[in-house]
Amino acid sequence: MQIIEKISNMQSYVKKNRLDDKSIGFVPTMGYFHEGHLSLMRIARQKCDILIVSIFVNPTQFGPNDDFDKYPRDFDRDKKLCERENVDAIFIPSAEEMYPKGFIAYVDMDGDMTEVLCGKYRSRHFRGVMTVVSKLFNIVQPDIAVFGRKDGQQLALIRRMVADLNFPIEIIGGRTIRENDGLAMSSRNKYLNSEQRKSASALYKSLLLAKTMIENGETDSFEIIAKMKDFISNSGDFEIQYIDIVDADTLKPVNTVQNKVMIALAVFLGETRLIDNIIV
Ligand code: AMP
């Protein structure tokens, strides 16, 4: 397995494999791996000759009050896990390598899809994500790239960006991998104390509650969200940032549930921000 830090070395590696007619699968991450990340690697591994994983805690997607400095990192452990998943190359550039002095070209997405859900509360977050994903796509030139459905808005925006900017890349969404009690795996779960960790299972339970309501014929988003809020508030010391029901493809808010919807939420448990969603 190759560990590559420089963009120019990554480009040479990609060029060589392209000349050998190898297909390239790509999983971009911020590291500190859990089974969610590994599941995406397995999807890409099956579909391509060469599997490249990037590890880059991207400064431009963190706001001034976000956890950039304390975001968990453990490269030695990540490296071992990648070896186990038969990763061919890890791309781990520095922030200076990705954003050299004078950098000003950002990928900004306009309109409704960026202004709902997390986009409403984390201004410029998706600008940072789309910029770094575009840069990584240009450097790695993958045939396929795999992202988690856990970050539902991110996945929808990446699909849109790939279509709008004509990246010749197939985007695959991997299902959300959960702990035994339903909590979506996240590098940030490590921040939770034992009491918070216990109550965090209420998030997935609230999503299942909404799913059951819809399956039983409830169509009023307002009613569903109210029940979810009650359930979460009674399950622990949560501060709910949002619970929304949106069209699963366009992310437009839905008042009456008829077609495929994404039920998405973001909450704070103490300082820790957790997100989750399901598609119904
Ligand atoms: P991150 O390192 O948190 O930026 O995540 C890297 C990729 O892993 C993103 O595409 C995430 O959507 C995906 N991911 C994170 N958590 C999970 C999970 N629990 N299940 C599946 N994919 C996940």
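The values are calculated or read from the model by the stated rules, or taken from the named source; none is laboratory data. Treat the numbers as computed from the prediction; the structure is a model and nothing was measured. Reconstructed Cβ throughout: ideal geometry from the backbone, glycine too, with neighbour counts over all protein chains shown. For accessibility, only protein heavy atoms count, side chains too; no ligands or nucleic acids. Shrake-Rupley method; radii C 1.70, N 1.55, O 1.52, S 1.80 Å.
Of everything in the stretch 42-55, what is in contact with a Ser or Thr (Cβ under 9 Å, 6 or more places away or on another chain), more than 9 Å from the ligand (Cβ to nearest atom) and open to solvent by less than 30 Å² (accessible area, probe 1.4 Å)? Give them in sequence order.
48, 50, 53, 54, listed by residue number.
Among the listed residues 269, 274, 192, which satisfies the condition of being more than 16 Å from the ligand (Cβ to nearest atom) and either under 23 Å from the mean Cα position of the chain (by Cα) or of a type in the set (A, V, I, L, M) (or both)?
Selected residue: 269, the only one of 269, 274, 192 that is more than 16 Å from the ligand (Cβ to nearest atom) and either under 23 Å from the mean Cα position of the chain (by Cα) or of a type in the set (A, V, I, L, M) (or both).
Does residue 245 fit the bill of being of a type in the set (Val, Ile, Thr) and under 21 Å from residue 148 (Cα atoms)?
yes
What is the residue count in the stretch 12-33 for residues that are within 22 Å of residue 147 (Cα to Cα), open to solvent by 40 Å² or more (accessible area, probe 1.4 Å) and either in contact (Cβ under 8 Å) with a residue 60 or more places away in the chain or among the aromatic types (Phe, Trp, Tyr) (or both)?
Of the residues in the stretch 12-33, 1 are within 22 Å of residue 147 (Cα to Cα), open to solvent by 40 Å² or more (accessible area, probe 1.4 Å) and either in contact (Cβ under 8 Å) with a residue 60 or more places away in the chain or among the aromatic types (Phe, Trp, Tyr) (or both).
Applying the selection to the stretch 228-248, what residues are open to solvent by 100 Å² or more (accessible area, probe 1.4 Å) and out of contact with any Phe, Trp or Tyr (no Cβ under 7 Å at 6 or more places or on another chain)?
Passing the criteria: 234, 237.
Among the numbered criteria (1) within 19 Å of residue 156 (Cβ to Cβ); (2) open to solvent by 20 Å² or more (accessible area, probe 1.4 Å), which one does residue 96 miss?
(1)
So the check is Cβ under 6 Å with 6+ separation or different chains; which pairs have a first residue in the stretch 97-119 that's within 18 Å of residue 266 (Cβ to Cβ) and free of Cβ contacts under 8 Å to residues at least 40 places away in the same chain and a second one that's open to solvent by less than 30 Å² (accessible area, probe 1.4 Å) and of a type in the set (A, V, I, L, M, F, W, C)?
119/126
Do we have residue 252 as open to solvent by 80 Å² or more (accessible area, probe 1.4 Å), more than 16 Å from the ligand (Cβ to nearest atom) and either within 20 Å of the chain's Cα centre (by Cα) or in contact (Cβ under 8 Å) with a residue 40 or more places away in the chain (or both) here?
Spelling it out, residue 252 is indeed open to solvent by 80 Å² or more (accessible area, probe 1.4 Å), more than 16 Å from the ligand (Cβ to nearest atom) and either within 20 Å of the chain's Cα centre (by Cα) or in contact (Cβ under 8 Å) with a residue 40 or more places away in the chain (or both).
Quick check on my filter: what residues within the stretch 127-184 are outside the structural domain of residue 62 (by TED's automatic domain parsing), open to solvent by less than 10 Å² (accessible area, probe 1.4 Å) and more than 13 Å from the ligand (Cβ to nearest atom)?
Listed by number, the list is empty, since nothing qualifies.
Limited to the stretch 255-278, what total is found for residues that are of a type in the set (Val, Ile, Thr) and surrounded by fewer than 17 Cβ atoms within 10 Å (Cβ to Cβ)?
The qualifying residues number 1.
May I ask you to list the residues in the stretch 70-93 that are surrounded by 12 or more Cβ atoms within 10 Å (Cβ to Cβ) and on the phi > 0 side of the Ramachandran plot?
none
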